[in-house]
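In what follows, a single structure is set out as structure tokens and then discussed.
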Amino acid sequence: RMALYNAVPDLHVSSALLPDDLDGIYCLDTDTILIDRRITWTRKRCTLIHELVHRKHGDDTSQGCNGCRMERRCRMETARMLVNPMEYATAEYAYGGNAWNIADDLNVTVDVIHDYRILLRDTARA
């Protein structure tokens, strides 16, 4: 966390009790990321990266955006940042494609693995 504060001194990151459907939010007006304090460390890590991507693009998620285009863009960028292609390929082979085991091995959420697979599929189609 200190490295983050040193790199982005104006950003505020805090934990809170968020509604059940939210792991984190980014508020553009206050330059604040809130992460639900009840989630696991791995989920917090993935949520922090996700909200930092929203910040990079100037998205204000405190107003909600489930299902919108910016959310998809953010999910794909988050997966790209958190999943190393060689480590993924190794885990995919080792666990026979089991997303839960792959996520555990790569220290990310299953949602990140699903998003990474969408990236792979979209890249293969191109």
Taking first residues from the stretch 20-34 that are in contact (Cβ under 8 Å) with a residue 12 or more places away in the chain and second residues anywhere that are surrounded by fewer than 18 Cβ atoms within 10 Å (Cβ to Cβ) and of a type in the set (S, T, N, Q), the pairs with Cβ under 6 Å that are 6 or more apart or on different chains are I25/S62; C27/S62; L34/S14
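Answer yes or no as to whether E87 is at pLDDT below 95 and not hydroxyl-bearing (S, T, Y). Talk me through it step by step, then tell me what you get.
On the way: at pLDDT below 95: no; not hydroxyl-bearing (S, T, Y): yes.
Against the criterion (at pLDDT below 95 and not hydroxyl-bearing (S, T, Y)), E87 does not qualify.
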Quick count over the stretch 69-126, residues being of a type in the set (D, E, K, R) and closer than 17 Å to E51 by Cα, is 9
Filter the stretch 1-29 for residues that are of a type in the set (S, T, Y) and farther than 14 Å from K56 by Cα; the one that is surrounded by the most Cβ atoms within 10 Å (Cβ to Cβ) is S15
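The values are calculated or read from the model by the stated rules, or taken from the named source; none is laboratory data. Not measured: the values here are computed from a predicted model. Cβ coordinates were reconstructed from backbone atoms using ideal geometry, including for glycine residues, and neighbour counts include every protein chain displayed.
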